[in-house]
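Enquirer: This structure is in structure tokens; I'll ask about it shortly.
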Protein chains: 2
Amino acid sequence: MEELKNIIRDIPDFPKKGIIFKDITTLLQDARSYQRTIDLIAHRYIGKRIDKVVGVEARGFVIGSALAYKLCAGAVLVRKPGKLPYETFSKTYDLEYGSDTLEIHKDAIKPGERILVADDLLATGGTMAAVVDLIQSMGGEIVECCFMAELDFLEGHKRLPEGKVFSLLHF
Amino acid sequence: MEELKNIIRDIPDFPKKGIIFKDITTLLQDARSYQRTIDLIAHRYIGKRIDKVVGVEARGFVIGSALAYKLCAGAVLVRKPGKLPYETFSKTYDLEYGSDTLEIHKDAIKPGERILVADDLLATGGTMAAVVDLIQSMGGEIVECCFMAELDFLEGHKRLPEGKVFSLLHF
């Protein structure tokens, strides 16, 4: 795991001063590290009957779609407003300053389906908490929320369903 | 192939009046159709020594990252301005009205690397032509530009390197 952690690049002052951004693109573009990351996460869910993997726009699509492929599950996209062409459910949630909205197609999840939610990074957990609400309101069963990496000091897992959070790498 | 084509949904008047949008999310969220689509495209490149698969924001990430995983290649992201945290090369290109800009990390592609570019849909080909320019200016060798589907009547392939375009489904 240290090897995978070390390949993630720190970008100081992005997107604003004082924040050290974890740049996962260095991991994604390294073929063996990328494959290993997906395999290590997917391994946890083999035999768990995942119906759909939900990826959150946009970096979550990278993780989510590879996991969906590997687990032979459907790939579902949660997107910013106005991007999904069919009828949607939406959820607005608070950010540090202002708010944000996410959308999901109304037919993307059927009641009782077993859902894995995927994103690249767990920070404050606000976005993922909104996604979990959306999925549960549609009757989807959250198997787990999985992340390539987690910023432990932000304690984002506290905003997500207890015992249903997995992060491969911890910072 | 007809089976895969039929699962793609037509959305009339999206994103604007008079356009019939091809909604691929119905294919992505169907586990078997999604896996079959990725397998059919990937099959073409097995043994072709693909170093990196470049996906174009945002739906291209879905196809590109699953292909990268399957082909054991690196996954590279081409994004809208301001989204990539490290130093970038950028390319501005004309749209029907106005223009758009795409960015790629400067270290994402090394000279001589063999590149597969992936997106969901080939329409006019303007975006993909800009991506091809970016990659070639970095010294990357385009093996092919691949798409889940192509709108044949728009003749987008004419704007891309001759003989280096593959679309799984044709409309």
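Enquirer: Restricting attention to region A:104-142, which residues are in a strand (DSSP E or B) and either open to solvent by 30 Å² or more (accessible area, probe 1.4 Å) or more than 25 Å from residue A:155 (Cα to Cα) (or both)?
Expert: Across region A:104-142, the qualifying residues are A:104, A:105, A:114, A:121, A:141.
Enquirer: Another one. Looking at the structure I just gave you, is residue B:42 among the small types (Gly, Ala, Ser), within 10 Å of chain A (Cβ to nearest Cβ) and within 22 Å of residue B:165 (Cα to Cα)?
Expert: In short, yes.
Enquirer: Would you confirm whether any residue within region B:145-167 is in contact (Cβ under 8 Å) with a residue 40 or more places away in the chain and within 20 Å of residue A:29 (Cβ to Cβ)?
Expert: yes
Enquirer: Check residue A:51 against each of (1) touching a residue at least 12 places away in the same chain (Cβ under 8 Å); (2) among the acidic types (Asp, Glu); (3) farther than 27 Å from residue A:133 by Cβ and name the one condition it does not meet.
Expert: If we test residue A:51 against (1) touching a residue at least 12 places away in the same chain (Cβ under 8 Å); (2) among the acidic types (Asp, Glu); (3) farther than 27 Å from residue A:133 by Cβ, just (3) comes out false.
Enquirer: Restricting attention to region B:58-89, and to residues there that are touching a residue at least 40 places away in the same chain (Cβ under 8 Å) and open to solvent by 20 Å² or more (accessible area, probe 1.4 Å), which single residue is nearest to residue B:42 (Cα to Cα)?
Expert: The qualifying residue nearest to residue B:42 (Cα to Cα) is B:71.
Enquirer: Next question, about the same structure. Taking residue A:55 as meeting all but one of (1) within 10 Å of chain B (Cβ to nearest Cβ); (2) in a loop (DSSP other than H, G, I, E, B), write down the number of the exception.
Expert: That leaves (2) as the condition not met.
Enquirer: Residues that are of a type outside the set (D, E, K, R) and either open to solvent by 60 Å² or more (accessible area, probe 1.4 Å) or touching a residue at least 60 places away in the same chain (Cβ under 8 Å) (or both): list the helices (runs of 4 or more DSSP H) wholly contained in region A:1-43 that include at least 2 such residues.
Expert: Once the helices (runs of 4 or more DSSP H) in region A:1-43 are filtered for at least 2 residues that are of a type outside the set (D, E, K, R) and either open to solvent by 60 Å² or more (accessible area, probe 1.4 Å) or touching a residue at least 60 places away in the same chain (Cβ under 8 Å) (or both), what remains is A:2-7, A:31-43.
Enquirer: Count, please, the residues in region A:79-99 that happen to be at pLDDT 95 or above, part of a strand (DSSP E or B) and more than 11 Å from chain B (Cβ to nearest Cβ).
Expert: Count: 4.
The values are calculated or read from the model by the stated rules, or taken from the named source; none is laboratory data. Predicted, not measured: the structure shown is a model, and the values here were computed from it. Ideal geometry is used to build each Cβ from the backbone, glycine not excepted, and the neighbour counts take in all protein chains shown. For the accessible areas, the whole protein counts, side chains as well, though only heavy atoms, and no ligand, DNA or RNA atoms are used. Shrake-Rupley method; radii C 1.70, N 1.55, O 1.52, S 1.80 Å.
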